[in-house]
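The values are calculated or read from the model by the stated rules, or taken from the named source; none is laboratory data. Just so we're clear, the structure is a prediction, and the values are computed from it rather than from any experiment. Note: ideal-geometry Cβ built from the backbone for every residue, glycine included; neighbour counts use all protein chains shown.
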Amino acid sequence: MAIKVLIVDDSATARAVLREILESDPSIEVVATASDAYVARDKIVELKPDVICLDVEMPRMDGITFLKKLMHYMPMPVVMVSSLTQSGAKTTLEALEAGAVDFVPKQHSHIYDAKDEMKDELISKIKTASKAKVFKRELSNQKSPNMTSLAETTNKILAIGASTGGTEALKEVLMGLPRNSPGTVIVQHMPANFTAPFAQRLNSLCAMEVREAKNGDSITPGVVLVAPGDYHMVVRRSGARYYVEIGSGEKISGHKPSVDVLFNSVARIAGANAIGVILTGMGADGARGLLAMKNAGAKTIGQDEASCVVYGMPKIAFDVGAVDKQVALNKVANSILSFI
């Protein structure tokens, strides 16, 4: 049965282009389009689409406000279409926090110019969203307390990988860690211009300091380094000092940054002195790297199926024997602390 999609965008051109892209795939059916949130509301009740493709900027009610209402009253998979500008990145992160499954960045100011570049990504993410689990959202912007449950800092490294659904999963995990937790390195599949605002948002919510990684940054207790979009990140060591190296290169496991690249470097450099965590996401990136970490003596954690937006990466990791402990998202932070 075809995936039923509702396109919501105030631009007639955008609606036409998005329809053309999606209907080029025989497994997708665009059941309707809507020019604003109020028209969309009626179409949702009438047609019950499987996925909504939603623009951010719309008249009468903006896309974020509509999304928040939708995820409160009638949760369903939503894929946002967003600008690659800095403000667009911040708005997209807000949408992911509000419950959107994923987003497709607009590469150009005019959507028609981006049609060919968007096609494969949009179709792929619509298909992924149709299988995703969505949850009713109760948002909170309060900063987590400055917990000090660790008696002392350690020299361990915490490495985390995530993809679809990962922005919210990472927030929950990091908000559950005290400020003197081990130095943490993260790969979240995300394009350039999005990782810096993402890190800033996490920094405003978490007890630890969170920032986008720069080449040569030291990995120290209480600091979280997020791999910059479109760059790989690896862990290096000089004497007793761990640090990150940022570099370009080809996509690995279909991604740049790649979780496998990070995890494999942690396995080589930190070995048993590391903890690896793989969270929600489509595909297999990170599974083999997590196995390498486990084989090197690291402790490993995988998010369970019930709490994943997309049980892809954690499933593959579990199936290949890379996971020591599989737990629900709300228990990941405590599981990390139990390994320290």
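Could you grab the pairs with beta carbons closer than 9 Å, sequence gap of 6+ or different chains, first residue in region 123-138 and modelled with pLDDT under 90, second one in a loop (DSSP other than H, G, I, E, B)?
Phe135/Pro75; Phe135/Gly99; Phe135/Val309; Lys136/Pro75; Lys136/Gly99; Arg137/Pro75; Arg137/Gly99
Surrounded by 19 or more Cβ atoms within 10 Å (Cβ to Cβ) and in contact with a Pro (Cβ under 9 Å, 6 or more places away or on another chain): is that true of Met233 in this structure?
Details: surrounded by 19 or more Cβ atoms within 10 Å (Cβ to Cβ): yes; in contact with a Pro (Cβ under 9 Å, 6 or more places away or on another chain): yes.
In short, yes.
Can you tell me which residue is surrounded by the fewest Cβ atoms within 10 Å (Cβ to Cβ) among those in region 213-230 that are part of a strand (DSSP E or B) and either touching a residue at least 40 places away in the same chain (Cβ under 8 Å) or in contact with a Leu (Cβ under 8 Å, 6 or more places away or on another chain) (or both)? Walk me through how you get there before you give the answer.
Residues of region 213-230 that are part of a strand (DSSP E or B), as a first pass: 218, 223-226.
Remaining after also requiring either touching a residue at least 40 places away in the same chain (Cβ under 8 Å) or in contact with a Leu (Cβ under 8 Å, 6 or more places away or on another chain) (or both): 223-226.
Working: Val223: 19, Val224: 25, Leu225: 25, Val226: 26.
The qualifying residue surrounded by the fewest Cβ atoms within 10 Å (Cβ to Cβ) is Val223.
Output the number of residues of region 58-80 satisfying the condition of being over 17 Å from Leu93 (Cβ atoms), touching a Lys or Arg at 6+ places or on another chain (Cβ under 7 Å) and outside any helix (DSSP H, G or I).
1
Restricting to region 270-308, give me the number of residues that are more than 16 Å from the chain's Cα centre (by Cα) and either closer than 16 Å to Leu174 by Cα or not assigned by TED's automatic domain parsing to the domain that holds Ser253 (or both).
Number satisfying all stated conditions: 3.
Determine whether Ile21 is at pLDDT 90 or above and under 26 Å from Glu138 (Cα atoms).
Working: at pLDDT 90 or above: yes; under 26 Å from Glu138 (Cα atoms): no.
Here the answer is no, as Ile21 does not meet what is asked.
So, of the residues in region 25-38 that are modelled with pLDDT of 95 or more and exposed (fewer than 15 other Cβ atoms within 10 Å of the Cβ), which turns out to be farthest from Val78 (Cα to Cα)?
Checking each candidate, the answer is Pro26.
For residues that are surrounded by fewer than 17 Cβ atoms within 10 Å (Cβ to Cβ) and among the acidic types (Asp, Glu), scanning just region 245-287, find the one that is modelled with the highest pLDDT.
In this case the residue turns out to be Glu245.
Of all the residues that make up region 39-63, how many are among the aliphatic types (A, V, I, L, M), surrounded by fewer than 20 Cβ atoms within 10 Å (Cβ to Cβ) and in contact with a helix residue (DSSP H, G or I) (Cβ under 7 Å, 6 or more places away or on another chain)?
1
Before we move on, is Ala159 touching a strand residue (DSSP E or B) at 6+ places or on another chain (Cβ under 8 Å), buried (at least 20 other Cβ atoms within 10 Å of the Cβ) and either closer than 25 Å to Gly297 by Cβ or assigned by TED's automatic domain parsing to the domain that holds Asn330 (or both)? Quick ask: steps written out before the conclusion?
Numbers: touching a strand residue (DSSP E or B) at 6+ places or on another chain (Cβ under 8 Å): yes; buried (at least 20 other Cβ atoms within 10 Å of the Cβ): yes; either closer than 25 Å to Gly297 by Cβ or assigned by TED's automatic domain parsing to the domain that holds Asn330 (or both): yes.
Taking the combined requirement at face value, the residue satisfies it.
Which of the residues belonging to region 15-24 are buried (at least 20 other Cβ atoms within 10 Å of the Cβ) and closer than 16 Å to Ile123 by Cβ?
Of all residues in region 15-24, those buried (at least 20 other Cβ atoms within 10 Å of the Cβ) come to 15, 17-18, 21-22.
Once the filter is applied, which keeps residues that are buried (at least 20 other Cβ atoms within 10 Å of the Cβ) and closer than 16 Å to Ile123 by Cβ, region 15-24 yields Val17, Leu18, Ile21, Leu22.
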